[in-house]
Amino acid sequence: MLISCKTKIKTENLQTTSTINNPIIEGYFADPCIIKEGDTFFIYATIDPWGGDELAVFSTKDFLKFERHHLNWPTKKACTSPGSNGSMVWAPSVKKAANGKYYMYVSVGSEIWAGVSDAPLGPWKNAKEDLSPLISSKDYPAVHNIDADCFIDEDGQAYLYWGSGFNWINGVCMATKLNPDMISFDKEPKAVTPKEYFEAPYMIKRFGKYYLMYSSGKAIDATYKVGYAVGNSPLGPFETTANSPILETTADSITYGPGHHSVFNEKGQDYILYHRIFPQKEKYVLRQICIDSLNFDANHNILKIKPTGISSF
């Protein structure tokens, strides 16, 4: 495996051997996505507050001990264009495509950049030969072009979802079918925005249905939460369910403003990886990465989550 990191920092959460408690990683990170290669999980996340010159990347085998890595790409320097403004690197989505390569879709300003690698830790490079953003701020000016999520269906077909709103309102979710190169669109992207959507789309397929999960509310306060809508096609239409949202601020405020999540399955059990806000008095928020079980009822509705952490794998 090629590893593009010169410095490795070992971090260990204070856990018991039978439980994985929240937050799972010390420090302030957000917008986690996760992949598994062999027996190792790789978690990619935003560095708080509001992104950094690079992403935070952790590897773990058991969610008890984590090793931090540094990637050669994306960086703010490598992902800067006339439309990317002063915003930093944030909100990654990493998936292994049908061609065996890894693809990353990451936000910088109101733009989405795409990277490609042969291994989870790189070396990575811009997937476009001209080194430009995949989606520029001018492509869809009514959309805050951030928070991309790549979904790969059971047949290997890939789809891309993205979009947020401006000024904490009017979120738009864009969607498109990707060509085999993973950086061009089969057709012109379209809006598939479900009710109460603000940002952070994440697609899963269960029971033959497509569950478009997302965050709504304000990302800076207790209104931030996770909901979902269901459709018969990866491109919708999607109908928000009666029991949405399924993850929100708890009465004791220990879980405060949870959102921008990803989902993975391990040994037949679904898990949701997300961030929660660590409240403080500054003008920005700090966030912590958490994990909980994701379960369904007999009618295939996602059950509401009671944040408790999980039993160890």
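Below are the figures for this structure:
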read-out	value
Principal axis box of the chain, alpha-carbon based, largest edge first, Å	49, 46, 43
All Cα pairs of region 135-212, percent lying beyond 21 Å	25
Model label zone, residue 265; criterion: amide N under 12 Å from point 7 Å along Cα-to-beta-carbon; scope region 202-222	204-209
Additional length obtainable on full extension of the chain from residue 153 to residue 119, 0.36 nm per residue less Cα span	10.2 nm
Solvent-accessible heavy-atom area per residue, rounded to whole Å², over region 25-65 at 1.4 Å	33
At R0 = 25 Å, FRET efficiency that the Cβ-Cβ distance of residue 98 and residue 251 yields, to 0.05	0.05
For residue 31, distant residues with modelled amide H under 5 Å away	46, 275
Protection proxy ranking, peptides 277-286, 101-110, average beta carbon neighbours within 10 Å, highest first	101-110, 277-286
17 Å cut-off, amide nitrogen to a point 7 angstrom out along residue 312 Cα→Cβ, residues in region 20-40	20-26, 40
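The values are calculated or read from the model by the stated rules, or taken from the named source; none is laboratory data. Nothing here was measured: the structure is a model prediction, and the numbers come from that model. In this analysis, Cβ positions are derived from the backbone assuming ideal geometry, glycine residues included, and neighbour counts consider all displayed protein chains. The area values use the complete protein model at the heavy-atom level, side chains included, leaving out ligands, DNA and RNA. Shrake-Rupley method; radii C 1.70, N 1.55, O 1.52, S 1.80 Å.
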